[in-house]
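Scroll down for the structure; my scribbles are underneath it.
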Amino acid sequence: MTSANELRSGKGDRDENFPVASWIIHPRHRALILAYYNFVRTADDIADHATLPADEKLAYLDLLEAELLGKGDTQAEAVSLRGALAERGMAPRHALDVLIAFRMDVTKLRYETWDEVVHYCRYSAMPVGRFMLDVHGESTSTWAASDALCAALQINNHLQDCGKDFRELNRVYLPRDALAASGASVEQLALTRSPPAMLACLQALAVRNETLLNQSKSLSAEVRDFRLGVDISVIQAYADRIVRLLKVRDPLRERVHLNKLELLTFSLAGMIGEVGRRAMGRRAMTKPGTAHDA
């Protein structure tokens with residue numbers, strides 16, 4: 001069996017909508033985070049492979065799972081992550097969860113409702129945030145806000161790439177009931193410009209996703225780790241900007257992504273905002289009469 005690494009698309013951590021193991025994160029965590037990312041990226045590329053038959057995709061995903069759990073040493077990404085997790089005494093649960101999503105990508109091409117899409121995000125996106133929180137030793141009480149952020153990031157991506165997903169993979173994450181409510185059809189995703197019904201559907205989903213994104217706003221304040229809090233604020237700033245663009249633009253007609261200037265601007269905004277918030281919080285805790293002085 002060919003190494004799964006040979007099925008990689010060439011997409012790397014610098015191509016994502018969010019920073020992966022950015023310089024903000026403490027160096028001691030980066031090797032583990034990159035090992036996790038490479039495992040997930042490899043599994044994702046297998047599920048999205050344009051010519052690999054479905055049964056072979058599932059066989060590769062099963063092999064990655066088996067080797068992650070210690071049954072073999074032929075797949076470098078699985079072996080690397082297994083070792084990195086063992087060094088930190090961490091279980092592979094969040095890597096196993098994403099494999100569930102990638103199997104869904106192979107076998108499920110349509111989603112009926114918003115709740116079905118969010119259920120997919122439970123395995124495709126939420127484990128990534130939970131993994132990051134576990135790496136930093138954060139409480140599981142942070143998971144609810146993290147889940148909202150990760151699901152919103154995933155749905156942003158679904159909206160950004162809806163045309164490409166349909167044309168290249170015949171995969172549609174737009175809920176059928178949302179398409180029907182707007183009078184849109186799946187076939188319109190093959191067009192180079194959204195008809196009014198499709199544009200209404202896409203923008204309504206962006207509005208709904210903005211509501212989901214707003215449920216994650218407490219996350220940076222909930223985490224104890226300063227660097228992680230800043231990183232989350234940067235990611236939140238990116239996601240906020242993208243969802244605002246999706247509310248007014250047509251992803252079938254243009255690429256709805258952040259340019260380099262926007263990435264820099266929203267990175268700085270996120271960092272400055274979080275540093276300022278934490279500084280204000282420390283000052284408030286040191287004022288006479290606060291719990292800190294009691």
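Here are a few things to note about the model shown:
- Applying the criterion of being part of a loop (DSSP other than H, G, I, E, B) and small (Gly, Ala, Ser) to the residues of the range 209-224, the residue that is farthest from residue 139 (Cα to Cα) is 216.
- Out of 200, 180, 206, sole residue that is among the aliphatic types (A, V, I, L, M), surrounded by 20 or more Cβ atoms within 10 Å (Cβ to Cβ) and assigned to a helix (DSSP H, G or I): 206
- On the stretch given as the range 110-119, residues that are buried (at least 21 other Cβ atoms within 10 Å of the Cβ) and in a helix (DSSP H, G or I) total 1.
No value in this document is a laboratory result; all are computed from the given coordinates. Only a predicted model underlies this, so the values are computations on that prediction, with no experimental measurement involved. No Cβ is skipped: glycine too gets one built from the backbone with ideal geometry, and neighbour counts run over all protein chains shown.
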